[in-house]
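Nothing in this text is a laboratory measurement; each read-out follows from the coordinates by a stated rule. Bear in mind that the values here come from a model prediction, so they are computed numbers and not experimental data. Cβ placement follows ideal geometry from the backbone for every residue including glycine, while neighbour counts extend to all protein chains displayed.
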Amino acid sequence: MKNIVLYKSKYGNTFHYASWIAEELNWELRDLSNFKKSEIKNYQNIIFGSGVYIGKQNKIKKILSWFKDKSIIIFASAGNNNVEKDINDIKINNFSEAQLNFHKFFYLPGGVDFTKIKGIYKIMLNIFRKMIEKKQNRTADEQAMLDGFINPINYVDKKHIEEIVSYAKKL
Ligand SMILES: Cc1cc2nc3c(=O)[nH]c(=O)nc-3n(C[C@H](O)[C@H](O)[C@H](O)COP(=O)(O)O)c2cc1C
């Protein structure tokens, strides 16, 4: 049986991680868009990763509905550099407790870069930006978001895949 790393990546952060993980494990690598539900039966182990947008992990609803009976490894990549509270928020916003117990979740730090965004996100973020710019006492998260418009931060690093790779090797 084969093993595969599936990913959905808007700006490349998740793609970097998915590629490194697939390379380390010698697993197949595929964009979720090119993968059909009917193919699940061909794979023994599956890893899925994607970015977090306005609190929601990209394509996670589809993944959780596809993998109700098959436990997989899921990783999220978002704007925090391994901040426990923020990782917890991602879990709460995207998974039930039962889903977190059934699947194995990992967090891999992505970054914050709003300089390349287009479309509806750009409009929404500009409204949000104006709101937080007016605030006198900004939280660290709000400040990080403002910085993301001017000084993009990127935490993507191959060293972050160690834990997920060693977990997958033991399957
Ligand atoms: C429009 C937009 C919204 C975002 N929303 C969040 C968010 O709610 N929480 C967060 O931690 N990071 C957020 N981020 C940061 C992304 O999750 C992070 O850059 C991620 O690594 C992107 O992965 P991808 O490039 O593979 O899609 C956002 C980024 C953009 C551009």
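Side notes on the structure shown:
- For the residue pairs LYS2/LYS85; LYS62/LYS85; LYS2/LYS68; LYS134/LYS158; LYS104/LYS134, alpha carbon separations beyond 31 Å are given by LYS2/LYS85; LYS134/LYS158; LYS104/LYS134.
- Simple Cβ-charge dipole of the chain, Lys/Arg +1 and Asp/Glu -1, about Cα centre, in debye nearest 20: 700 debye
- Sequence ranges 155-161, 73-79, ranked by mean other-Cβ count within 10 angstrom, highest first: 73-79, 155-161
- Ordering SER71, SER19, SER38 from the fewest to the most neighbouring beta carbons within 10 Å gives SER38, SER71, SER19.
- GLU133-ASN154 pseudo-label distance in nm [points 7 Å out on the Cα-to-Cβ vector]: 2.6 nm
- Computed E for MET1/ILE120 - FRET, C-beta separation, R0 41 angstrom, nearest 0.05: 0.50
- Straight Cα distances below 20 angstrom link LYS41 to the aspartates and glutamates GLU28, ASP31, ASP69, with same-chain residues fewer than 8 positions distant left out.
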